[in-house]
Structures are given as structure tokens and as C-alpha cells.
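Presented below is the structure to which this report refers.
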Amino acid sequence: MEPSAVTHSRLRLTLLVLSLLCLILTSIFLSRRSVHQMQGASASIYQDRLVPTAMIAQLTSQVYQKRLLLETYRVGKTKAEFTESRLDGINRQVDSLLTAFSQTKMTPQEADEFNRLKKRLGGYNELEKTFISNLTEGSNAKEILLIDANETAFGQLAQTLAELSALQLRVGKELLNESSGQTNYLYVLTAIQIGLVLVIGVSLFWHRF
């Protein structure tokens with residue numbers, strides 16, 4: 001083979017190898033970015049989905065405790081001072097949970113539902129105060145109206161908690177689907193990297209022999 005032909009062949013091989021190496025480096029970069037996105041999705045699932053879901057469960061438990069306290073007070077098993085003290089403690093815990101929840105990442109729909117929850121919770125708390133202060137002072141008809149209003153507010157509050165919990169699950173499922181898509185993408189990039197390495201190996205073997 002003439003020297004010029006050998007030089008030309010080596011130049012083509014060098015360009016081919018360099019091109020394949022650039023493709024491998026590019027695929028590695030894309031793989032690293034995909035892994036970073038997967039890590040971000042996993043962290044988001046924990047920080048912005050699992051933790052808030054646990055908070056919603058705690059909020060639901062606190063709301064039902066408040067409801068139980070009012071029922072025991074209504075039937076005369078507890079005094080107003082004790083009931084107010086227990087409700088005040090629970091309300092402080094609820095406020096702490098709401099503050100922590102507000103610091104998590106929410107979708108616009110979740111933010112709207114969260115604001116609705118705070119509004120209904122504030123209305124329910126006002127009814128609690130009215131219920132405790134006026135229950136023993138009013139007539140039977142007034143007592144019935146207070147009980148009905150309290151039950152309605154409680155039902156709305158419980159419904160809002162359930163809707164917010166459902167939203168958390170739906171968005172969490174979307175994040176899982178996104179993470180699954182990133183995993184499949186990573187598999188494809190890995191396969192491309194392996195294929196490029198094989199092409200380089202075959203090219204070098206063919207040139208040598």
C-alpha cells in the first residue's frame with residue numbers, strides 16, 4: 001500500500017474513532033443528566049409527596065380529635081375549660097403542620113386546595129368557639145342550629161382533606177411515571193454507549209488486520 005494511501009486510511013480511522021468517542025462522551029453526559037433528573041424526581045417524591053401526605057394524615061387525625069372533644073363536651077362528659085385547653089393545644093399543632101406544609105412544593109391545583117383547607121379550618125375553629133361558649137346558654141333550637149352548623153363545617157373540612165390527599169397521590173404517580181421514563185431513556189443511552197464501543201473495537205481490529 002502506498003504511503004499516501006496508508007496515511008489517508010489512518011486519517012479516516014482517526015476521524016472515525018474521534019467521532020465515536022465524541023458520541024460516547026455525549027451519551028455519557030446525557031446519562032449523567034438523566035441520573036441527576038431521576039435523583040431530583042426521587043427527592044421530590046419524598047419531600048413534596050410522601051412528607052406532605054403524612055402531614056395530611058396528621059391533620060386529619062387532629063381534626064377528628066377536635067370533633068371528638070366537642071362531642072364529649074356536648075354530652076357533658078368534659079368541662080368547657082378542659083375542652084378549650086385541649087383544643088388550643090391541638091390548634092397549635094395544626095398551625096405547625098400547616099406552616100410546614102406550606103413550605104413544600106405544590107402544584108397550582110394543590111395550592112388552591114390548600115388555601116381552601118386553611119379557609120375552612122379557620123371557619124371551623126370559629127364555630128368551635130361559638131359552640132363551646134353558647135351551647136349551655138341558648139335554647140334547644142339554638143343548640144340544634146349550632147350542632148348542624150358544626151357538622152356541616154366538619155364535613156366540608158374532612159372533604160377538603162380527602163381531596164388534598166387525592167391530589168398528592170395523583171401528582172406522586174405522575175412523578176413516578178416521569179422517573180420510569182427517565183430510567184428507560186438511561187437504558188437506551190447505555191445501549192448506545194455499548195454499541196459505540198463495539199464499533200470502535202471492530203474498526204481498530206479491521207484496520208490492524
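Extending 7 Å from the Cα toward the beta-carbon at both LYS119 and ASN134 defines two label points whose distance is 2.2 nm.
Across PHE29, PHE154, the residue with the most accessible area heads the list, and the full order at a 1.4 Å probe is PHE29, PHE154.
Determine the order of MET106, MET55 by accessible area, beginning with the largest, at a probe radius of 1.4 Å. Can you show the working numbers first?
Details: MET106 50, MET55 25 Å².
These residues rank, largest area first, as MET106, MET55.
Given LYS105/LYS173; LYS118/LYS173; LYS66/LYS105; LYS119/LYS173; LYS66/LYS119, which pairs have Cα atoms separated by over 23 Å? The answer is LYS118/LYS173; LYS66/LYS105; LYS119/LYS173.
If you rank ARG86, ARG49, ARG92 by how much accessible surface each has, with a 1.4 Å probe, what is the order from largest down?
Details: ARG86 95, ARG49 15, ARG92 140 Å².
Largest accessible area first, the list is ARG92, ARG86, ARG49.
What FRET efficiency would be calculated for the residue pair ASN91, ARG170, taking the C-beta separation as r and a Förster radius of 30 Å, to the nearest 0.05?
Details: r = 29 Å, r/R0 = 0.98.
Once the sixth-power term is evaluated, E becomes 0.55.
Electrostatic bookkeeping for LEU121 treats Lys and Arg as +1 and Asp and Glu as -1; over the other residues with beta carbon under 11 Å from its beta carbon, the sum is +2.
The values are calculated or read from the model by the stated rules, or taken from the named source; none is laboratory data. Quantities reported herein were computed from a predicted structural model and do not represent experimental measurements. Cβ coordinates were reconstructed from backbone atoms using ideal geometry, including for glycine residues, and neighbour counts include every protein chain displayed. Heads up: the accessible areas ignore ligands, DNA and RNA and are worked out on the full protein's heavy atoms, side chains in. Shrake-Rupley method; radii C 1.70, N 1.55, O 1.52, S 1.80 Å.
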